[in-house]
Amino acid sequence: MSLPLFLVPELPAGDRWRLDGPEGHHAANVQRLGAGEALLLSDGRGGLLRATVAAAHKGALDLDLLDRERVAPHDPRITVVQGIAKGERAELAVQLMTELGVDRIVPWQAARSIARWKDAKPVERWRATVREAVKQSRRAWLPEVTDARTTKQLALTGTVLLLHEEASAPLSTVPLAGDITLVVGPEGGIAPEELAAFPDAVPVRLGREILRTSTAGAAALAVLSVRLGRW
């Protein structure tokens with residue numbers, strides 16, 4: 001069984017360290033880790049540290065620090081511009097994409113997005129969802145979640161792939177070069193004026209079936225992970 005992972009601002013130095021705060025509470029009180037059990041610490045920037053529990057306390061663990069590892073960032077990187085969806089569908093999309101290796105997520109206030117963000121709370125929920133998915137999937141890198149952007153605010157770079165139900169080119173066959181930006185529309189799809197706003201994007205499709213916005217990005221990431229040799 002893989003070791004549980006906890007995120008910390010910085011990997012500690014030395015041989016002994018106390019994990020406290022929210023992560024310490026979760027490790028000690030929720031997961032009930034005890035003396036002799038092993039775990040991983042990550043700084044979310046490629047650093048991993050294996051440790052064993054020396055002593056358990058209420059809301060904290062004393063750890064013996066062991067092996068350290070540095071995981072290189074993905075190259076090329078994959079950014080997903082995710083159309084903002086309503087309710088739990090958006091957070092499901094974020095969770096799945098994080099587990100499947102996305103490097104950066106840009107919430108997109110698309111023309112046909114039903115949900116309209118009026119404050120910072122939704123993006124903070126996306127960031128919290130990313131943290132939990134990183135821990136669940138034992139990732140060494142924490143994907144960035146930017147602030148929400150409108151179509152005019154998007155700056156798309158690298159190979160830009162636009163998932164569209166009327167596209168003829170399969171995602172499995174289009175040329176890839178450099179970093180990749182994948183554009184996923186909201187529940188209502190991508191509006192015609194938005195297609196015109198992305199003149200350099202390559203429209204692609206996953207197959208005959210039409211996927212929900214909550215699963216399309218994850219499915220596309222799986223295809224790209226195979227093509228890029230990540231899997």
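Every number in this text was worked out from the coordinates using simple rules, so none of it is lab data. Keep in mind that this is a model prediction, so the values were computed, not measured. We place every Cβ from the backbone using ideal geometry, glycine too, and count neighbours over all the protein chains shown.
Observations
- Rounded to 10°, Cα long-axis angle of helix 88-99 versus longest principal axis of the chain: 70 degrees
- Along the chain, the longest continuous region that contains none of the trypsin sites (Lys or Arg not before Pro) in a DSSP loop with at most 10 other C-beta atoms within 10 Å is 59-115.
- Residues in the range 50-68 that a label on Asp20 would reach, taking backbone N under 14 Å of a point 7 Å out along Cα→Cβ: 56-63
- Over the range 1-141, the hull volume per residue, using the convex hull of the C-alpha atoms, is 119 Å³.
- Under 5 Å between amide hydrogens, built in the peptide plane, is the criterion, and for Phe6 it picks out Leu40, Leu41, Ser42 among residues at least 5 positions away or on other chains.
- Acute angle (nearest 10 degrees) that the helix 213-227 long axis makes with the longest principal axis of the chain, alpha-carbon atoms: 80 degrees
- Separation between Cα centres of the range 1-35 and the range 133-165, rounded to whole Å: 28 Å
- Among beta bridges identified by DSSP and lying wholly in the chain, the antiparallel ones come to about 45 percent.
- Built amide H within the under 5 Å cut-off of Glu37, gap 5+: Val53
- Theoretical ellipticity at 222 nm over the chain - DSSP helices of four or more residues, -39500 (n - 2.57) apiece, nearest 500: -7000 deg cm²/dmol
- Taken over the range 128-231, the ratio of Cα radius of gyration to 2.2 N^0.38 Å equals 1.12.
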